Amino acid sequence: MSLTPSPFPPQSWAGIDDVVIVGGGLAGLFCALKLAPRPVTIITAAPIGEGASSGWAQGGIAAAMDAEDSVEDHLADTIAAGAGLVDGPIARGMAEEASARIHDLLSYGVPFDRDLAGQLKLSREAAHSRHRIVRVGGDRAGAAIMQALIEAVRETPSIRVLEGFVAETLKAESTYVTGLIARDRRGGLSARILLPTRAVVLASGGIGHLYAVTTNPPEARGEGLGMAARAGALIADAEFVQFHPTAVDVGRDPAPLATEALRGEGAAIVDRHGERFMFETHEAGELAPRDIVARAVHAAKMSGRGAFLDCREAVGMEFPERFPTVFAACMEAGIDPREAPIPIAPAAHYHMGGVHVDGLGRTSLDGLWACGEVASTGAHGANRLASNSLLEAVVFAARIAEDVQGLMPNHRVVRWSGQSTPEGDADELGEEVLLTRLRRLMAEEVGVVRSQEGLERALEEIAEMQAAARLPSLVNSLAAAKLVAVAALRREESRGAHFRADFPHPDPAEARRRFLTLPQADAIAKAITAAYHDARLEAGHG
């Protein structure tokens, strides 16, 4: 049953389902469907599907479905892209389960592309050695998958959906999560309720909207990551933020995405004079790993050469049929990609880091699981392989459902008294000003290219914003930003999506995952900002 909430849930509710899923994207919906017929409650800030990055995914899902492909090849490509940090057993398990999860999605009605013989049509993307991307309508995989899952959820009576609720705080006793505080977006900044639970599945998405230029929806502000960290959860690999190299650079927020598949079809990256420059950087040219392409595009733009995606020869007049989403975005901006190159820029796209989970999706806190982009499983390493994100989401959502059901086979309704939990009011306009400031800061100092000086400056400014922030959701976003900046400062090398201008090469001694808690990050940031402030005083900057 799907409910549209009033300012507070009806008093007729006797209680809350003992499993609450935070997030209405692919991971959250798939987990709920896999838990059926066990009753669960999904809470989501936006109507399901509208605030999730999953629905915007253009490429598809990677799976070794072809006779000439194999799990071993998929694993090898994943490990190569991950720049030495991929957890091998985790990545292998993900690749092994890919086919089963594709068939699950087919059973939910996802209309994956097929050839004339009725077989799944497979495409190739950057850093894949084989054609293994299962797509829908060329560039509509995310939207089509979400549409099918939303319909399946709406038709599943065991799933209750609370739309318009923002999860703000996890309640915990020692290391056991006992519930969460959520705010009703339509009831004002102080309209909060306490939801007791036995299990919370965090599927709240990524951090892309912490950056000024991103392909992610506004809801992807790192709030789930910050909320878990504030409750004491261990965070892994927070420094690794992937920037998609070919966002359509037309000043829109979020930036439209020119899918990886365009380069897989032969589209070229050129400067303003029409000269290709990717082969100057990497032997694979436009099909190099995303981090390499993103830095090359960034450098071209910073140098004044400009960067454009030329699809005229590779796609040409077939653009509207083969890539309708990209075509529509370009035409809306006054660019006809059949006749002119598309201006591009790197944009924050995917977070490889997140809440640390094991192979079952369990976090370091009892009663808390995480899946999707908010989680860090180790499958992506330092640089996610294209189209592995949707795969990871469904693989771990299914594992979590099985684990929760195994640990708590009997459903219970947790008594709910309708208790509200007042927290201090905040100036919503002032909070938006702070968020805009944070996004600009993250893009400038914690973006495609980083340095010690810039990261220290970022941490000092984040501390200033934390002192002014009142709204718990912004406090969560600032915590997430701090974790990324501290982790980036600690990793004194360049690896995968993390590039330090002052440490431009990988350090073999650093070929390991790194973990961080929020108190540790606070202590490091405090020491750094104090030293940075003292240095400015000595330099006469006040």
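Pick from the stretch 92-123 the residues that are touching a strand residue (DSSP E or B) at 6+ places or on another chain (Cβ under 8 Å) and without any contact (Cβ under 8 Å) to a residue 24 or more places away in the chain: which of them is farthest from ASP77 (Cα to Cα)?
Ranking the candidates gives ARG114 first.
Find all pairs meeting these conditions: Cβ atoms under 8 angstrom apart; at least six residues apart or on different chains; first residue within the stretch 488-506 and outside the structural domain of ALA386 (by TED's automatic domain parsing) and more than 18 Å from GLN242 (Cβ to Cβ); second residue surrounded by fewer than 23 Cβ atoms within 10 Å (Cβ to Cβ) and of a type in the set (Phe, Trp, Tyr).
Pairs found: GLU492/PHE503.
Can you name the residue in the stretch 373-395 that is in a loop (DSSP other than H, G, I, E, B) and under 21 Å from PRO245 (Cβ atoms) and, of all such residues, is modelled with the lowest pLDDT?
Taking the stretch 373-395 as the starting set, the residues that turn out to be in a loop (DSSP other than H, G, I, E, B) are 377-387.
Right, trim to under 21 Å from PRO245 (Cβ atoms) and you get 380-387.
On the way: HIS380: 97, GLY381: 96, ALA382: 96, ASN383: 92, ARG384: 92, LEU385: 91, ALA386: 85, SER387: 91.
Looking at the filtered set, the residue picked out is ALA386.
With the requirement that a residue be assigned to a helix (DSSP H, G or I) and under 10 Å from LEU489 (Cα atoms), what does the stretch 447-458 give you?
Filtering the stretch 447-458 for residues assigned to a helix (DSSP H, G or I) gives 452-458.
Residues satisfying the conditions are GLN452, GLU453, GLY454, LEU455, GLU456.
Could you tell me how many of the residues in the stretch 154-198 are within 22 Å of the chain's Cα centre (by Cα) and hydrophobic (A, V, I, L, M, F, W, C)?
8
Can you tell which of ALA328, ALA299, ALA307, ALA294 is under 23 Å from the mean Cα position of the chain (by Cα) and of a type in the set (Gly, Ala, Ser)?
After applying the criteria, what remains is ALA294.
Given the conditions (1) without any contact (Cβ under 8 Å) to a residue 60 or more places away in the chain; (2) over 20 Å from GLN119 (Cβ atoms), which single one is not true for GLY82?
(1)
Within the set of pairs 6 or more residues apart or between chains, which connect a residue that is under 20 Å from GLY51 (Cβ atoms) and outside the structural domain of GLU492 (by TED's automatic domain parsing) inside the stretch 222-247 to a residue that is of a type in the set (Val, Ile, Thr) and modelled with pLDDT of 95 or more with Cβ atoms less than 6 Å apart?
Matching pairs, first to second residue: GLY222/ILE207; GLY224/VAL374; LEU225/VAL374; ALA228/VAL355.
Being touching a Leu at 6+ places or on another chain (Cβ under 7 Å), assigned to a strand (DSSP E or B) and small (Gly, Ala, Ser): is that true of ALA238 here? Even if it seems obvious, please write down each step before you answer.
On the way: touching a Leu at 6+ places or on another chain (Cβ under 7 Å): yes; assigned to a strand (DSSP E or B): no; small (Gly, Ala, Ser): yes.
It is false that ALA238 is touching a Leu at 6+ places or on another chain (Cβ under 7 Å), assigned to a strand (DSSP E or B) and small (Gly, Ala, Ser).
Is it the case that GLU432 is in the same structural domain as GLU275 (by TED's automatic domain parsing) and surrounded by fewer than 24 Cβ atoms within 10 Å (Cβ to Cβ)? Can you show your working first?
Details: in the same structural domain as GLU275 (by TED's automatic domain parsing): no; surrounded by fewer than 24 Cβ atoms within 10 Å (Cβ to Cβ): yes.
Answer is no for this residue.
Between ILE79, ILE61, which is under 21 Å from the mean Cα position of the chain (by Cα) and surrounded by fewer than 21 Cβ atoms within 10 Å (Cβ to Cβ)? Write out each step before concluding.
On the way: ILE61 fails: surrounded by fewer than 21 Cβ atoms within 10 Å (Cβ to Cβ).
So the residue among ILE79, ILE61 that is under 21 Å from the mean Cα position of the chain (by Cα) and surrounded by fewer than 21 Cβ atoms within 10 Å (Cβ to Cβ) is ILE79.
Please identify the pairs in which a residue from the stretch 56-72 that is in contact (Cβ under 8 Å) with a residue 12 or more places away in the chain and more than 28 Å from LEU257 (Cα to Cα) has its Cβ atom under 8 Å from the Cβ atom of a residue that is of a type in the set (A, V, I, L, M, F, W, C) and assigned to a loop (DSSP other than H, G, I, E, B), counting only partners at least 6 apart or on another chain.
These pairs meet every condition: VAL71/ALA64.
Quick one: in the stretch 463-479, which of the residues that are crowded, with 19+ Cβ neighbours inside 10 Å and more than 12 Å from LEU435 (Cβ to Cβ) is modelled with the highest pLDDT? Outline the logic, then answer.
Filtering the stretch 463-479 for residues crowded, with 19+ Cβ neighbours inside 10 Å gives 463, 465, 469, 471-479.
With the extra rule that they be more than 12 Å from LEU435 (Cβ to Cβ), the set shrinks to 463, 472, 479.
Values: ALA463: 95, PRO472: 93, ALA479: 98.
Checking each candidate, the answer is ALA479.
Consider only pairs whose beta carbons are under 9 Å apart and that are at least six residues apart or on different chains; among these, list those whose first residue lies in the stretch 508-519 and is closer than 14 Å to VAL486 by Cα and whose second residue is of a type in the set (Lys, Arg).
Within 9 Å, the pairs are ARG514/ARG490; ARG514/ARG491; LEU516/ARG490; LEU518/ARG230; LEU518/LYS482.
List pairs: first residue in the stretch 395-409 and touching a residue at least 60 places away in the same chain (Cβ under 8 Å), second residue among the hydroxyl-bearing types (Ser, Thr, Tyr) anywhere in the structure, Cβ distance under 9 angstrom, at least six positions apart or on different chains.
Taking only residues 6 or more apart or on different chains, the pairs are VAL395/THR377; PHE396/THR377.
Return only the number of the condition from (1) within 25 Å of ARG192 (Cβ to Cβ); (2) in contact with a Gly (Cβ under 9 Å, 6 or more places away or on another chain) that ALA501 does not satisfy.
Among (1) within 25 Å of ARG192 (Cβ to Cβ); (2) in contact with a Gly (Cβ under 9 Å, 6 or more places away or on another chain), ALA501 violates only (1).
Collect the residues in the stretch 137-157 that are out of contact with any strand residue (DSSP E or B) (no Cβ under 7 Å at 6 or more places or on another chain) and surrounded by fewer than 23 Cβ atoms within 10 Å (Cβ to Cβ), keeping them in residue-number order.
GLY137, ARG140, ALA143, ALA144, GLN147, ALA148, ILE150, GLU151, ALA152, GLU155, THR156, PRO157
Taking the stretch 82-91, which residues are part of a helix (DSSP H, G or I) and either within 19 Å of the chain's Cα centre (by Cα) or surrounded by 21 or more Cβ atoms within 10 Å (Cβ to Cβ) (or both)?
Across the stretch 82-91, the qualifying residues are ILE90, ALA91.
The values are calculated or read from the model by the stated rules, or taken from the named source; none is laboratory data. A quick note: this is a predicted structure, and the numbers were derived from the prediction, not measured. Heads up, the Cβs are rebuilt from the backbone with ideal geometry, glycines too, and the neighbour counts pull from every protein chain shown.
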